[in-house]
Ligand SMILES: Cc1ncc(COP(=O)(O)O)c(C=O)c1O
């Protein structure tokens, strides 16, 4: 690895890839004539059926949804969260009738381009996060104002015929509600419930990138064996299912991915939503023509998942490694940055411990820090760190919702003064070193530095 430390990169260290397990899964799948026959031909539109079954069973055991076991009809296999976001927009949005794309800010910046590609340039709007995940009242006011103005300005004409498309949503909300990229915040259950009610009022589809949920560990280290981690917060799609009729479209899609828990190169993910949404999603033109994306790789991942090798890899390699790096990062922030006024700003703990034996989780790939006003702006610190200390990190302004000037303005008062730090790419010593040298980019004032060390 080069001496340049990159705490921006949201990629796993290559040593964490389950290459051997994938090699075994590949050989075993392709040497089985029955599997090879179905793996090497066009696949079903909804995805490789045994894999959909394995995914449904695995998600059921992980999330334990309040409505019970997840039926296979709620699952479609995708080419990963990015590819599927584009597919969702092809099927459920229309640049003429879908009024606005609402993005929880700070946002996963690469999603902005996917929305722009779908015809929404200039119509992305930020919704600020707060301690509990999203400022619902801000969104409610904007929606109400926007709908009023739209009603005064006349009717929009659809580009896509409703008969073919089935359902076009008037609004779309994009977010990562658990261990968010970039803020690391997790939305509480009551806020998720309020958000769902709002989506129903305004004909809004929530696209929830649930890609970091599986990487969770106790936020604080404990030696006690009786302590258990608080249960996982229900996904928006679980709450939606629990409160919708079986024949409704619902208002949410869970956009899942194996990029963070197997390897990004596999380009495989899944979507979970109402049966109607899943069926319609699988009927987009490109899928109808070629079958579900990433079909061959899906058959390999099915082997990995159904044999238990994937969960073992997540538990024994990924969670152990990331948990340990997380602790090093937290300790380094406390040692090197907090004395200078830098704060960890990842929101309120979303699960309240039930008792002394319950501990809240941390997880995902990132943490977020905020610089105090007396330091230079985050982009200046980031530039100095890169040019002078060979250290890269993602600074706040990168997470502004593209094309929304008010999002850029708000960033200056909040997340723009911060940075996202990732523990996925570097080993512990490099993380520690990165945080230590970051301080040098805060100031040219050698007096401050000598006071510290
Ligand atoms: C929130 C979020 N969504 C989607 C992706 C990309 O997922 P995929 O590799 O499945 O396209 C990432 C990767 O960084 C992410 O952080």
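The values are calculated or read from the model by the stated rules, or taken from the named source; none is laboratory data. Note that the coordinates shown come from a computational prediction; the quantities given were computed from them, not determined experimentally. Every residue, glycine among them, receives a Cβ derived from its backbone with ideal geometry; neighbour counts consider all protein chains shown.
A few notes on this one:
- Test: residue in region 120-139 that is surrounded by 16 or more Cβ atoms within 10 Å (Cβ to Cβ), under 23 Å from residue 80 (Cα atoms) and in the same structural domain as residue 90 (by TED's automatic domain parsing): yes
- Residue check, residue 54 at pLDDT 95 or above, surrounded by 20 or more Cβ atoms within 10 Å (Cβ to Cβ), away from the ligand (no atom under 16 Å from the Cβ) and over 13 Å from residue 273 (Cβ atoms): yes
- Flag: residue 337 does not match the condition of being touching a residue at least 60 places away in the same chain (Cβ under 8 Å), in the same structural domain as residue 132 (by TED's automatic domain parsing) and assigned to a helix (DSSP H, G or I).
- If the condition is being touching a strand residue (DSSP E or B) at 6+ places or on another chain (Cβ under 7 Å) and away from the ligand (no atom under 16 Å from the Cβ), then region 240-293 contributes 240, 251, 273, 277, 278, 282.
- Within region 113-129, one or more residues are assigned to a loop (DSSP other than H, G, I, E, B), within 27 Å of residue 397 (Cα to Cα), in contact with a helix residue (DSSP H, G or I) (Cβ under 8 Å, 6 or more places away or on another chain) and within 15 Å of the ligand (Cβ to nearest atom).
- Within region 60-77, considering residues that are under 18 Å from residue 236 (Cα atoms) and within 16 Å of the ligand (Cβ to nearest atom), the one surrounded by the fewest Cβ atoms within 10 Å (Cβ to Cβ): 75
- In this entry, residue 236 passes the filter for residues that are within 16 Å of the ligand (Cβ to nearest atom) and surrounded by 20 or more Cβ atoms within 10 Å (Cβ to Cβ).
- Going through (1) in a helix (DSSP H, G or I); (2) modelled with pLDDT under 90; (3) within 16 Å of the ligand (Cβ to nearest atom) one by one, residue 133 falls short only on (1).
- Of 47, 43, all but one fail to be crowded, with 22+ Cβ neighbours inside 10 Å, farther than 28 Å from residue 399 by Cβ and away from the ligand (no atom under 16 Å from the Cβ); the exception is 43.
- Residues satisfying the stated conditions in region 78-102, i.e. over 21 Å from residue 164 (Cα atoms) and more than 11 Å from the ligand (Cβ to nearest atom): 100, 101, 102
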